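Input: a single structure, listed below in structure tokens.
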Amino acid sequence: MLQGKKIVLKILEKRHLRQLRFLRNQPQTNYYLTSIVPISEAKQQVWFKKISLDETKMYFAIEDYHKKFLGIVRCDEWDKINRSIRVGIDIVPELRRQGIATEAYELLFKYLFRDLGIHRVWLLVADFNQPAYALYQKLGFKLEGKQREALYRDNKFHHYLMMSLLKSEYEKRYCSRS
């Protein structure tokens, strides 16, 4: 468990699945994800079992101190040799733009860089997702490149933008504050 000022990151458990499925199936969430296909409870159970056994993945539920579900943080494609990991976040739509993602990422960075020895945290963001892109820039992520026309929405193709944050950039930005 990772504790912040207003939130807690807890390893994703079965008790979170119903709320996670509801979040994932909402158009305001899945529009920005690779797949917009709704997931059923049965498919989610299979997915949960699979990720629970996969050592290259870590999923955290974001909760407040009253155990209210606020969203999810995804960590996957953990490359332990090259010390790189991909991250992503989904916040309950009505709770967005309240600082939850910022606090969640800051907790996560501390854990990944300081405790796990990660060197590079990276992500993909849809080129039309300006609020997320602005957040990632604010957090110190740098644009690396793009996956051209990798996402199909609204009858046209869009790019996925690849961004990353290196441990040295994290330390310069975050450790000089503490």
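What follows is calculated from the coordinates using simple rules that are stated; it is not laboratory data. Source: prediction; values computed, not measured.
Taking 0.36 nm per residue of sequence separation and subtracting the Cα-Cα distance, how much length would be gained by fully extending the chain between residue 134 and residue 31, in nm to one decimal?
35.3 nm
In the chain, what % of DSSP beta bridges are antiparallel (nearest 5)?
Taking every DSSP beta bridge with both residues in the chain, the antiparallel ones total about 90 percent.
Which three numbers, in whole Å and largest first, are the semi-axes of the equivalent ellipsoid of the stretch 91-144 derived from its Cα gyration tensor as √(5λ)?
Ellipsoid semi-axes (Å, largest first): 21, 15, 8.
Taking semi-axes √(5λ) of the Cα gyration tensor in Å as the quantity of interest, determine which of (i) 41, 26, 15; (ii) 33, 20, 15; (iii) 23, 21, 17 was computed from the displayed structure.
(iii)
Once fully extended, how much extra length lies between residue 82 and residue 127, figured as 0.36 nm per residue of separation less the alpha-carbon to alpha-carbon distance?
13.5 nm
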